[in-house]
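Before any comments, here is the structure.
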Amino acid sequence: MNKFVEVLVLFALAGVIDIASAQEEVKIFVPDTVEYKPYPLPGVSFAVMSGNPKQQGTYTVWAKLMPGTKVPAHFHPDTRTVTVIAGTYYFAEGDSFDEGKLQGYGPGTVIVVPAGKPHFVGARDEEAIIQESGLGPTAVTPTKR
């Protein structure tokens, strides 16, 4: 066995390369055709793009916030990488919702929210679409305030 193949086998055994994922189908999502499902919070809907947020492993979801949406302070057990896809996404750190602290971020902005970091979000005059990626299983835990 040549050295390159040996290294690939070692990486696969160590879980660095997931050979099984090479067997999966390529998925392509066109923004106008993404099917969103209702989320338990008013004004929020979501679509799972890859993985399963309720299971072990990586996941990616898109969330759509309708104009005027206010998501109370909460945190997640995993670090989340948030990318603004469309509109203006309002974000702030803190354990209670404070409209005055929200700052707006436009398409292309990336926000990395560490595990356990309380934050709150919203949309104002326009719809906002974000992509969130993390390592599941995940959850949304409201803060006490």
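The values are calculated or read from the model by the stated rules, or taken from the named source; none is laboratory data. Keep in mind it's a predicted model, so treat the numbers as computed, not measured. Virtual Cβ from ideal backbone geometry, glycine too; neighbours counted across all protein chains shown.
Residues of the range 78-87 being crowded, with 19+ Cβ neighbours inside 10 Å, assigned to a strand (DSSP E or B) and not β-branched (V, I, T), which ones?
Of everything in the range 78-87, just one residue is crowded, with 19+ Cβ neighbours inside 10 Å, assigned to a strand (DSSP E or B) and not β-branched (V, I, T), namely R80.
Consider A73 carefully, then state whether it is modelled with pLDDT of 95 or more, among the aliphatic types (A, V, I, L, M), more than 12 Å from the chain's Cα centre (by Cα) and not in a strand (DSSP E or B).
The answer is no for A73.
Select from the range 25-60 the residues that are under 13 Å from the mean Cα position of the chain (by Cα) and of a type outside the set (G, A, S) and list them in ascending order.
F46, V48, M49, N52, P53, K54, T58, Y59, T60
Determine whether E99 is on the phi < 0 side of the Ramachandran plot, of a type in the set (D, E, K, R) and surrounded by fewer than 13 Cβ atoms within 10 Å (Cβ to Cβ).
yes
How many of the residues in the range 55-77 are without any contact (Cβ under 8 Å) to a residue 60 or more places away in the chain and either crowded, with 18+ Cβ neighbours inside 10 Å or closer than 21 Å to K117 by Cα (or both)?
Result for the range 55-77: 3.
Considering only the range 88-137, how many residues are within 16 Å of A73 (Cα to Cα), in contact (Cβ under 8 Å) with a residue 24 or more places away in the chain and part of a loop (DSSP other than H, G, I, E, B)?
Here the count works out to 10.
In the range 44-54, is there at least one residue being part of a loop (DSSP other than H, G, I, E, B), surrounded by fewer than 16 Cβ atoms within 10 Å (Cβ to Cβ) and at pLDDT 95 or above?
Within the range 44-54, one or more residues are part of a loop (DSSP other than H, G, I, E, B), surrounded by fewer than 16 Cβ atoms within 10 Å (Cβ to Cβ) and at pLDDT 95 or above.
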